[in-house]
Amino acid sequence: MEAIHLAYVLVFLLPVVFLLRLRRRGPPPAKWPATTTAHCPHPNPVLGNTLDFIRNRHRFFDWYTDLLRAAPSGAAIEAWGPLGAGHAVTTASPADVDHLLRAGFDGLQRKLASHAFSSRSLRRFTDGVLDVHLRRRFLPLLDDAASRDGGAIDLQDALRRFGFRTICHVAFGVESVDGGDDDPATQEALFAAFDMAVAISFRRALTPATFVRRLTKLLDIGKSRRLQEAVHVIDAYAMSVVESKAAACHRNGVDDGSVDLLSRFMAAMDDDGGSGGSELGAMFPTPAAKLRFLRDVVVAFVLVGKDTTSSALTWFFWLLVANPRGMHYLHAAITEAMRLYPPVPFNGRVAVRDDVLPSGAALRAGWYANYSAYAMGRMEKLWGEDCLEFVPERWLGERGEFVPVDAARYPVFHAGPRVCLGKEMAYVQMKTVAAAVLRRFRVDVVAPVASMEAPPAYEMTATMKMKGGLLVRLRRREE
Ligand code: HEM
């Protein structure tokens, strides 16, 4: 039942407890500095920073960016909850990110999952899945909107559905959402459940646990109840995907050359030798435990695949209309859009031992150690005076070639051994969709207004979701 927690943990926070070994350079300091980080702002002795969190929840990422810009250490700030609980240090320093994320680990799940992101799988993705969903569903939907009077459509919503279908297809081999007729009511309920569960879990992970939260959990009312209900809907969906895949594998056997990710996990669990499969199987002694693990794999992949590329593309289209000049290099423009609006704006680990970050921030075992990719993309000292402007050209060399930067400075896809496995796939998807849409349609933003002076609001959730969606007007370009 704790699938959303497990999945969330698996994808975003799993390294939190087990996998992170905060690397310590040299022996521990003889005496820990009392604290070298700025408080956020100064905590109340009883409530900590709880009231500040509540007051700023609508502009959470910008609030943290302001605090990090003003931090005396120049890099990191410290916050905590009531009675000193839930300590977190958050950084915007590339040296700290490097220190936190480039720690060594060995990951069996990563080894298994990485097969699905090989260049062969990527080719299969572009030629098969992406093409099918783009041409058969996504572009016809936009065509329909363009031929209606006014041509308006919520592009964020259309992109999220497209992202969901493609991830289901590539990761589970399921071409339609519910294995059959894509019933809109089933889809609505599932999307609403995912949004609710992710938003509540994200707030809980970042904001201190108040007495009210503990009480609602105990009494099973309010948000705690809504979370449970949402998890129930998600679990039921994921389990149905697992069960129908298991039945299909049982009927047809597994063709190891072209299988989807879920079949690969299933085969590895039953495997007696080779690729570490028996090791994975041994971790789940009962058939029910195996099924629950596979269910959580499904949830985790939907979480990473559904809202990330759609978030990047939504902000990209908005920035494009807000900045109509010189936008020639798609890769640079998409990279630049994610600098200002990273799909995963805030991420972290839990320290397994006391440590001091390169910026001087002291960390204690059990504290959260976060980095804000959103704040880092908006730091003048990292990107220069025009850091708040959309300038794709900053990514281009003299001959117009794309010049990447170190992942610790641009941790949009994370960094180190747990770096995003789907990065190449995500770029392929985003560039294919952006090019296909721009070639076919003129896109005008209806709302929110496309002006850099009035940026759209976002939701406080794990992915950078535009509040209220992106309403665009489409006009077909002359054939
Ligand atoms: C613009 C799009 C995307 C962004 C910005 C992004 C970002 C990230 C980030 C920040 C993480 C690290 C999470 C953590 O450990 O805390 C991650 C992990 C991961 N991502 Fe992505 N992602 C994107 C698209 C995708 C897609 C489309 C897929 C799959 C098809 C994918 C698959 C994965 C997987 C499997 C991991 C876990 C890697 C591991 O823990 O070893 N990602 N991604």
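The values are calculated or read from the model by the stated rules, or taken from the named source; none is laboratory data. These figures come from a predicted structure and were not determined experimentally. For neighbour counting, all protein chains shown are included, and Cβ atoms are generated from backbone atoms with ideal geometry for every residue, glycine included.
Within the stretch 393-406, not a single residue is in a helix (DSSP H, G or I), touching a helix residue (DSSP H, G or I) at 6+ places or on another chain (Cβ under 7 Å) and near the ligand (Cβ under 9 Å from one of its atoms). The set of residues in the stretch 294-327 that are without any contact (Cβ under 8 Å) to a residue 24 or more places away in the chain and not charged (D, E, K, R) contains only P324. Hey, any hits in the stretch 237-256 for a residue that's modelled with pLDDT under 90, on the phi > 0 side of the Ramachandran plot, touching a helix residue (DSSP H, G or I) at 6+ places or on another chain (Cβ under 7 Å) and surrounded by fewer than 16 Cβ atoms within 10 Å (Cβ to Cβ)? No, the stretch 237-256 contains no residue that is modelled with pLDDT under 90, on the phi > 0 side of the Ramachandran plot, touching a helix residue (DSSP H, G or I) at 6+ places or on another chain (Cβ under 7 Å) and surrounded by fewer than 16 Cβ atoms within 10 Å (Cβ to Cβ).
Determine if the stretch 348-368 includes at least one residue that is charged (D, E, K, R) and within 16 Å of the ligand (Cβ to nearest atom).
Yes; the residues of the stretch 348-368 include at least one that is charged (D, E, K, R) and within 16 Å of the ligand (Cβ to nearest atom).
Just to be sure, is V177 among the β-branched types (V, I, T), at pLDDT below 90 and part of a helix (DSSP H, G or I)? No.
Of the residues making up the stretch 407-437, those that are more than 9 Å from the ligand (Cβ to nearest atom) and under 22 Å from Q156 (Cα atoms) are E424, V428, K431, T432, V433, A434, A435, A436, V437. Taking the residues in the stretch 74-108 that are part of a helix (DSSP H, G or I) and surrounded by fewer than 15 Cβ atoms within 10 Å (Cβ to Cβ) as candidates, determine which candidate is modelled with the highest pLDDT. It comes out as A95. When residues in the stretch 227-241 are screened for being under 13 Å from T186 (Cβ atoms) and hydrophobic (A, V, I, L, M, F, W, C), 4 of them pass.
Close contacts from the stretch 376-388, counting a first residue that is within 16 Å of D66 (Cβ to Cβ) and a second that is in a helix (DSSP H, G or I), with Cβ to Cβ under 6 Å and a gap of 6+ residues or different chains, come to G377/R339; G377/L340; R378/T65; C387/E380.
Screening A365 on (1) under 30 Å from S121 (Cβ atoms); (2) loosely packed, with under 14 Cβ neighbours inside 10 Å shows it passes everything except condition (1). E453 passes every criterion in (1) under 19 Å from the mean Cα position of the chain (by Cα); (2) surrounded by fewer than 20 Cβ atoms within 10 Å (Cβ to Cβ); (3) of a type outside the set (A, V, I, L, M) apart from (1). Filtering the stretch 208-236 to residues that are at pLDDT 85 or above and either charged (D, E, K, R) or crowded, with 21+ Cβ neighbours inside 10 Å (or both) leaves R225, R226, L227, E229, A230, V231, I234, D235. Note down all Cβ pairs under 7 Å where the first residue falls in the stretch 271-291 and is modelled with pLDDT of 75 or more, the second is of a type in the set (K, R), and they're at least six residues apart or on different chains. Final answer for the pair search is F284/K290. Is it true that P404 is more than 19 Å from the chain's Cα centre (by Cα) and more than 21 Å from L155 (Cα to Cα)? So P404 fits the description; yes.
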